[in-house]
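Enquirer: What follows is a structure written as structure tokens; I'll ask about it next.
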Protein chains: 2
Amino acid sequence: MVQPRKKVKARPLKGDVAIDKAVYDAIRRAMLMGRLLPGTKLREPALSRVLKVSRERVRKALHRLVHEGWLEAVPNRGTFVPALTIEEVREIYDVRTMLETAIVQRLCAEHDLPAAQRLKAHVSEERQAVRSDDRGRLFGLSGEFHILLAELCGNEQLSRLLRGLLTRSTMHFSLSAPERFHNCAGPHDHADIVKAILARDAKKAAKLMLDHLLGLVEWQSAWQPPPNPVALEEAFRGISAKRQA
Amino acid sequence: MVQPRKKVKARPLKGDVAIDKAVYDAIRRAMLMGRLLPGTKLREPALSRVLKVSRERVRKALHRLVHEGWLEAVPNRGTFVPALTIEEVREIYDVRTMLETAIVQRLCAEHDLPAAQRLKAHVSEERQAVRSDDRGRLFGLSGEFHILLAELCGNEQLSRLLRGLLTRSTMHFSLSAPERFHNCAGPHDHADIVKAILARDAKKAAKLMLDHLLGLVEWQSAWQPPPNPVALEEAFRGISAKRQA
DNA sequence: TGGCAGAATAATGTGCACATTCCGATTTTG
DNA sequence: CAAAATCGGAATGTGCACATTATTCTGCCA
């Protein structure tokens, strides 16, 4: 006799978390869309008014974003959109290189059939995005490729870590060159890396990943952002803290 | 009403940040000292009373600790000391292996004279700690060794990342086996690694680091913590949110 | 006219009171 | 007697009002 009496409300996921995450996502989205330029000050009352939420929610979201490295806070001064130095970007890519070359080497050593299928499926998706000239989708897929590699290692900590690193990598040209998204990464590189992994050629895979990341950072370094303030109402036009489709 | 107070020109660095950091440090210290066993619920009113600060400060510190992975929060339930699975510990050490083998390889390739001197000095310090049988100091030095390697790479991002990883690694046996600190790491391993780095033998250095970390995780895996609740007043005996000597 | 001092204003930081939710003990009923 | 429902107390979540600090504006003086 089983006992279905257990009223295990698996995940209520209250409005609390939902609203907080919505505000957090709204600000993050504005940054990813390049609406908020480096140096912009994020005033709590203004955000509260624009996003139609209480100042406390804005405050909480800002603190979280600061802690995750998206924003910079100065005590009693305010919260600002950071101006990432080229050097910092280089450092982040350097760490990524350490991790991701190790990742592809490991995948060469112990990847299984489902992993191979997911890799091939991803490359296929990227190719299709290129054909249909869907730049937005291609940009998303380019990032997800690196996440996918980490996830295929089956290490949750590794995935989370790399996810953070990747968001911080992309933040730089999200903030500085949002209009140049279409150029971001050569999907051809990804296809070659996958091919090397499937061939279990660890040395080649690591080399390809190294070159790929070096190419990305070099491409980013060639571009310097023009400092320019922006109005918050403009930045959050069309972005709401409420659930959007 | 006027306030003829003299204006402070320097950095007052108000109680805000100081108090917040003090509360944060107090809880972290209690965890590192093994006073808070896995599964313990950290009640905000109790902490507020014990640490003599307002509940909001406790709340803020708890949120930060949750963000950094020290604690786990369940909405509307409370904040808990996590029970790290052996598997999670393995994953963390796996990531550390990826990073640290890359680090020693890089140091073999491009370390300079001051770096070599710092390495030798550190090994010397560890040796001296062993001789004087100072277990507490040796424990600290063992952790700092890995931090030192990261810092010698000159990559700030890398240092911060590894620092977080290391604290999370040590948290496991801080929580589960605080009385076995003295056994933590063989300083002999560190000396061998340094020797390989100074000899610029990248392959050997990487192998030694790999074995070192594998040995650590294996040693930790052999020990399982006994679940046991604890009173907060006991845990924070002698630990204050105020600056202590 | 330019720069400095002081006040007005706005933004950030903090504590408090209240609403909501959860846990546990007691009671009631089949 | 046992299981379930209910009610009371406590802990968490949230908005608000106030204190503190920074910024800007204005007027005065060199």
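The values are calculated or read from the model by the stated rules, or taken from the named source; none is laboratory data. Values in this document were obtained by computation on a predicted structure and should not be read as measured data. Note that each Cβ is placed from the backbone with ideal geometry, even for glycine, and that neighbours are counted across all protein chains shown. Just the protein is used for accessible areas: all its heavy atoms, side chains included, with ligands, DNA and RNA removed. Shrake-Rupley method; radii C 1.70, N 1.55, O 1.52, S 1.80 Å.
Enquirer: Among the listed residues A:Glu88, A:Glu56, A:Glu100, A:Glu126, identify the single one that is away from every other protein chain (no Cβ under 14 Å) and either modelled with pLDDT of 90 or more or surrounded by fewer than 19 Cβ atoms within 10 Å (Cβ to Cβ) (or both).
Expert: On the way: A:Glu88 fails: away from every other protein chain (no Cβ under 14 Å); A:Glu56 fails: away from every other protein chain (no Cβ under 14 Å); A:Glu100 fails: away from every other protein chain (no Cβ under 14 Å).
On inspection, the qualifying residue turns out to be A:Glu126.
Enquirer: Is it the case that B:Ser142 is among the hydroxyl-bearing types (Ser, Thr, Tyr), within 14 Å of DNA strand D (Cβ to nearest atom) and out of contact with any strand residue (DSSP E or B) (no Cβ under 8 Å at 6 or more places or on another chain)?
Expert: Values: among the hydroxyl-bearing types (Ser, Thr, Tyr): yes; within 14 Å of DNA strand D (Cβ to nearest atom): no; out of contact with any strand residue (DSSP E or B) (no Cβ under 8 Å at 6 or more places or on another chain): yes.
No, not satisfied.
Enquirer: Residues to consider are B:Thr85, B:Thr79; find the one that is of a type outside the set (A, V, I, L, M), more than 22 Å from A:Gly164 (Cα to Cα) and within 8 Å of DNA strand D (Cβ to nearest atom).
Expert: B:Thr79
Enquirer: For region B:106-113, state whether one or more residues are without any contact (Cβ under 8 Å) to a residue 12 or more places away in the chain, closer than 29 Å to A:Gln157 by Cβ and within 14 Å of another protein chain (Cβ to nearest Cβ). Please lay out each step first, then the result.
Expert: Keep residues of region B:106-113 that are without any contact (Cβ under 8 Å) to a residue 12 or more places away in the chain, which gives B:110, B:112-113.
Retained after the next criterion (residues that are closer than 29 Å to A:Gln157 by Cβ): B:110.
From the residues that got through so far, the ones that are within 14 Å of another protein chain (Cβ to nearest Cβ) too are B:110.
Checked against the condition, which is being without any contact (Cβ under 8 Å) to a residue 12 or more places away in the chain, closer than 29 Å to A:Gln157 by Cβ and within 14 Å of another protein chain (Cβ to nearest Cβ), region B:106-113 yields at least one hit.
Enquirer: Within region B:66-76, work out how many residues are more than 8 Å from chain A (Cβ to nearest Cβ) and more than 13 Å from DNA strand D (Cβ to nearest atom).
Expert: Start the filter on region B:66-76 by keeping residues that are more than 8 Å from chain A (Cβ to nearest Cβ), which leaves B:66, B:69-74.
Filter once more, so that each one left must be more than 13 Å from DNA strand D (Cβ to nearest atom): B:69-70.
The total comes to 2.
Enquirer: Additional query: Mind checking whether some residue in region A:32-39 is within 14 Å of DNA strand C (Cβ to nearest atom) and under 22 Å from B:Asn155 (Cβ atoms)?
Expert: Scanning region A:32-39 turns up no residue that is within 14 Å of DNA strand C (Cβ to nearest atom) and under 22 Å from B:Asn155 (Cβ atoms).
Enquirer: Okay, moving on. A:Phe80 is checked against (1) open to solvent by less than 50 Å² (accessible area, probe 1.4 Å); (2) in contact with a Lys or Arg (Cβ under 7 Å, 6 or more places away or on another chain) and fails just one. What number does that condition carry?
Expert: That leaves (1) as the condition not met.
Enquirer: Continuing with this model, one more query. Taking region A:57-94, which residues are of a type in the set (Val, Ile, Thr) and either within 11 Å of DNA strand C (Cβ to nearest atom) or assigned to a loop (DSSP other than H, G, I, E, B) (or both)?
Expert: First, pick out the residues of region A:57-94 that are of a type in the set (Val, Ile, Thr): A:58, A:66, A:74, A:79, A:81, A:85-86, A:89, A:92.
A:Val58, A:Val66, A:Val74, A:Thr79, A:Val81, A:Thr85 - these are the residues of region A:57-94 that are of a type in the set (Val, Ile, Thr) and either within 11 Å of DNA strand C (Cβ to nearest atom) or assigned to a loop (DSSP other than H, G, I, E, B) (or both).
Enquirer: Then there's this: Enumerate the pairs (first residue in region A:191-214 and over 20 Å from A:Val130 (Cα atoms) and in contact (Cβ under 8 Å) with a residue 24 or more places away in the chain; second residue anywhere and open to solvent by 50 Å² or more (accessible area, probe 1.4 Å) and of a type outside the set (Asp, Glu)) with beta-carbon separation below 6 Å, excluding pairs fewer than 6 apart on the same chain, so at least 6 apart or on different chains.
Expert: Going by the 6 Å Cβ cut-off, the qualifying pairs are A:Ala196/A:Lys204; A:Ala202/A:Gln105; A:Ala206/A:Gln105.
Enquirer: I need the full set of residues from region A:42-53 which are within 11 Å of DNA strand C (Cβ to nearest atom), open to solvent by less than 70 Å² (accessible area, probe 1.4 Å) and not in a helix (DSSP H, G or I), in order please. Spell out how you get there, then give the answer.
Expert: We begin by selecting, within region A:42-53, every residue within 11 Å of DNA strand C (Cβ to nearest atom); these are A:42-49.
Keeping just the survivors that are open to solvent by less than 70 Å² (accessible area, probe 1.4 Å) gives A:42, A:44, A:46-48.
Hit for region A:42-53 is A:Leu42, nothing else.
Yes or no, residue by residue, for (1) at pLDDT 80 or above; (2) assigned to a helix (DSSP H, G or I); (3) of a type outside the set (Asp, Glu):
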position	(1), (2), (3)
A:Arg200	yes, no, yes
A:Ala206	yes, yes, yes
A:Leu213	yes, yes, yes
A:Glu218	yes, yes, no
A:Pro225	no, no, yes
A:Val230	no, no, yes
A:Ser240	no, no, yes
A:Arg243	no, no, yes
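Enquirer: From the list B:Arg168, B:Arg131, B:Arg135, pick out the single residue that is under 30 Å from B:Arg200 (Cβ atoms) and open to solvent by 20 Å² or more (accessible area, probe 1.4 Å). Write out each step before concluding.
Expert: On the way: B:Arg168 fails: under 30 Å from B:Arg200 (Cβ atoms); B:Arg135 fails: under 30 Å from B:Arg200 (Cβ atoms).
Only one candidate passes the filter, namely B:Arg131.
Enquirer: Something else about it: Determine whether A:Leu37 is open to solvent by less than 20 Å² (accessible area, probe 1.4 Å) and touching a residue at least 60 places away in the same chain (Cβ under 8 Å).
Expert: Working: open to solvent by less than 20 Å² (accessible area, probe 1.4 Å): no; touching a residue at least 60 places away in the same chain (Cβ under 8 Å): yes.
Criteria not met by A:Leu37.
Enquirer: Let me ask something else. Return the residues of region A:103-123 that are open to solvent by 20 Å² or more (accessible area, probe 1.4 Å) and within 30 Å of B:Arg106 (Cα to Cα); say none if nothing qualifies.
Expert: A:Gln105, A:Arg106, A:Ala109, A:Glu110, A:His111
Enquirer: List the number of the failed condition for B:Leu71; all other conditions in (1) under 17 Å from the mean Cα position of the chain (by Cα); (2) in the same structural domain as B:His188 (by TED's automatic domain parsing); (3) open to solvent by less than 10 Å² (accessible area, probe 1.4 Å) hold.
Expert: That leaves (2) as the condition not met.
Enquirer: If a residue must be open to solvent by 40 Å² or more (accessible area, probe 1.4 Å) and within 14 Å of chain B (Cβ to nearest Cβ), how many such residues does region A:138-151 contain?
Expert: Our first condition is that a residue be open to solvent by 40 Å² or more (accessible area, probe 1.4 Å); within region A:138-151, this holds for A:139, A:144, A:151.
Those left that are additionally within 14 Å of chain B (Cβ to nearest Cβ): A:151.
Residues that pass the stated criteria total 1.
Enquirer: Also, quick follow-up: Filter region A:152-164 for residues that are touching a residue at least 40 places away in the same chain (Cβ under 8 Å), at the interface with chain B (Cβ under 10 Å from one of its Cβ atoms) and either within 19 Å of A:Val194 (Cα to Cα) or surrounded by fewer than 21 Cβ atoms within 10 Å (Cβ to Cβ) (or both) and give the result.
Expert: Residues of region A:152-164 touching a residue at least 40 places away in the same chain (Cβ under 8 Å): A:152-153, A:158, A:161-162, A:164.
Cutting the leftovers down to at the interface with chain B (Cβ under 10 Å from one of its Cβ atoms) gives us A:153, A:158, A:161-162, A:164.
Once the filter is applied, which keeps residues that are touching a residue at least 40 places away in the same chain (Cβ under 8 Å), at the interface with chain B (Cβ under 10 Å from one of its Cβ atoms) and either within 19 Å of A:Val194 (Cα to Cα) or surrounded by fewer than 21 Cβ atoms within 10 Å (Cβ to Cβ) (or both), region A:152-164 yields A:Cys153, A:Leu162, A:Gly164.
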